[in-house]
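See below for the structure under consideration.
Since every read-out is calculated from the coordinates, none of them should be taken as a lab result. Because the structure is predicted, anything quoted here is derived from the model rather than measured. Cβ coordinates were reconstructed from backbone atoms using ideal geometry, including for glycine residues, and neighbour counts include every protein chain displayed.
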Amino acid sequence: MNSPAADAMESPDVAQAERLQSAMAKVRKQVANAIVGQDKTVEQLLIAILAGGHCLLEGVPGLAKTLMVRSLAQAMELQFQRIQFTPDLMPADITGTDIIQQANDGQRHLVFEKGPVFTQILLADEINRTPPKTQAALLEAMQEHSVTVGGKHYQLQEPFFVLATQNPIEQEGTYPLPEAQRDRFLFQTIVDYPTRDQEAAIIDLTTGSKSSSITPVVNGEDIIAFQKLVRLVPLPESVKQLVLNIVRSLRPNDSDAPKWVPGLVQWGPGPRASQQLVMASKARALLSGRYHVTTEDLVALAPPVLRHRIVPTFSAQAEGITSDAIIAKLLEQLVRR
């Protein structure tokens with residue numbers, strides 16, 4: 001498992017990296033007790049957590065997205081809260097609010113009652129079913145891991161993650177996520193249907209008398225330590241330049257953009273995309289038993305990092321050209337030529 005790049009890390013760090021790999025393998029095994037298949041989705045959730053990012057899960061109903069997130073929280077021994085986003089949900093229903101309480105001395109005081117955002121893994125279920133005003137209540141929490149209510153600042157407990165779900169096919173009663181909110185998600189992960197064999201296994205698992213159980217194998221302190229370790233993974237200069245080439249090429253007005261990009265992309269990703277593609281690639285490298293980032297990591301993670309940060313032009317949408325198709329075309333040109 002050693003490589004020249006591994007020498008750039010001190011031996012205690014290499015030992016910690018091996019501990020990370022072992023711990024995440026145990027987490028996967030525990031999640032597999034409740035979830036059949038979905039290996040790619042679970043891997044991206046783990047990468048997002050190790051990179052300190054949030055994840056937007058997109059898939060049709062019934063694919064066990066909620067169970068997957070809950071199982072992950074249990075395996076990591078993290079506090080878990082779920083919010084069902086609805087059109088009448090208010091910002092205070094997420095962050096909490098000041099309430100009047102009467103003390104023993106008869107005096108009335110404002111007391112802050114914490115909302116469900118005060119947790120470690122927050123599942124924002126069907127996040128696109130609530131208006132932008134309520135969606136915006138999560139912006140500060142996602143970016144700064146804090147909440148401001150009534151002029152007072154409250155810090156959230158670390159580690160903190162927002163894992164949100166949205167339904168791609170049901171449009172009635174939904175609100176598009178603002179670009180600023182989408183940009184705060186490290187990944188937009190597509191949750192696919194199970195294979196035939198996996199669906200058969202799901203039937204066996206969920207319709208019999210046996211019940212699945214999840215045993216915690218890591219805790220919040222472990223996750224924080226792993227996140228710090230991810231930042232120590234070396235980034236070769238050639239790979240950093242490739243990150244810049246990929247992200248900047250998707251900006252239609254940038255000099256690095258190929259000639260075909262302005263016709264397909266109305267708005268491209270900002271600098272946060274470069275940062276998060278690097279962080280996610282570092283996490284993936286460690287999970288894969290490597291101690292440096294490679295082009296393989298960028299190619300694997302460019303779609304989930306970039307697909308929600310691209311706004312295709314009207315003509316591209318009319319022709320059925322998706323963000324994924326644009327990213328694939330660019331990678332073919334920059335990487336696989």
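Before moving on, here are some points about what is shown:
- Exposure proxy ranking for Thr165, Thr294, Thr148, Thr189, based on other Cβ atoms within 10 angstrom of each Cβ and starting from the fewest, stands as Thr148, Thr294, Thr165, Thr189.
- The calculated pair-distance distribution of segment 233-337 uses every alpha carbon pair, bins of 10 angstrom beginning at 0, and gives 16, 49, 27, 8, 0 percent.
- Lys pairs under 24 Å by Cα in the chain, provided they are eight or more residues apart or on distinct chains: 25
- R0 of 25 Å, Cβ-Cβ distance Ser146-Arg108: FRET efficiency to nearest 0.05: 0.35
- Ranking of Tyr291, Tyr193, Tyr154 by count of other Cβ atoms within 10 Å, fewest first: Tyr193, Tyr154, Tyr291
- Candidates per GluC sites (Glu not before Pro) in segment 122-176, loop by DSSP, up to 13 other Cβ within 10 Å: Glu170, Glu172
- With contacts taken as Cα pairs under 8 Å at a separation of at least 6 residues, segment 233-337 carries a relative contact order of 30 percent.
- Proxy reagent accessibility, fewest Cβ within 10 Å first, across Ser255, Ser22: Ser255, Ser22
- Label point at Trp267 placed 7 Å out along Cα→Cβ; residues across segment 106-133 whose backbone nitrogen lies under 18 Å: 128, 131-133
- In a fully extended conformation the segment linking Ala32 and Ile224 would gain 66.8 nm over its present Cα-Cα distance, using 0.36 nm per residue.
- Since only Ser274, Gln84, Pro116 are under comparison, the one whose Cα sits farthest along the positive direction of the charge dipole of the chain, derived from C-beta charges on Lys, Arg, Asp and Glu, is Ser274.
- Simple label model, 7 Å out from Cα along Cβ direction - Ser213 to His153, nm: 4.5
- Built amide H within the under 5 Å cut-off of Trp267, gap 5+: Val311
- With a simple spin-label model that places each label point 7 Å from the Cα along the Cα-to-Cβ direction, the separation between Gln333 and Leu232 comes to 4.0 nm.
- Dipole magnitude of segment 255-337, debye to nearest 20 (Cβ charges: Lys/Arg +1, Asp/Glu -1, about Cα centre): 180
- Once you divide the Cα radius of gyration of segment 286-337 by 2.2 N^0.38 Å, the number left is 1.37.
- Remark: the chain carries a charge dipole of roughly 440 debye about the Cα centre, counting +1 on each Lys and Arg Cβ and -1 on each Asp and Glu Cβ.
- Placing unit charges on the Cβ atoms of the charged side chains and taking the dipole of the chain about its Cα centre, the candidate lying farthest along the positive direction among Gln74, Leu177, Gly263 is Gly263.
- Rg/Rh for the chain stands at 0.99; both radii use Cα atoms, and Rh follows the Kirkwood definition.
- Summary value for the chain: 23 percent relative contact order, contacts being C-alpha pairs under 8 angstrom separated by 6+ residues.
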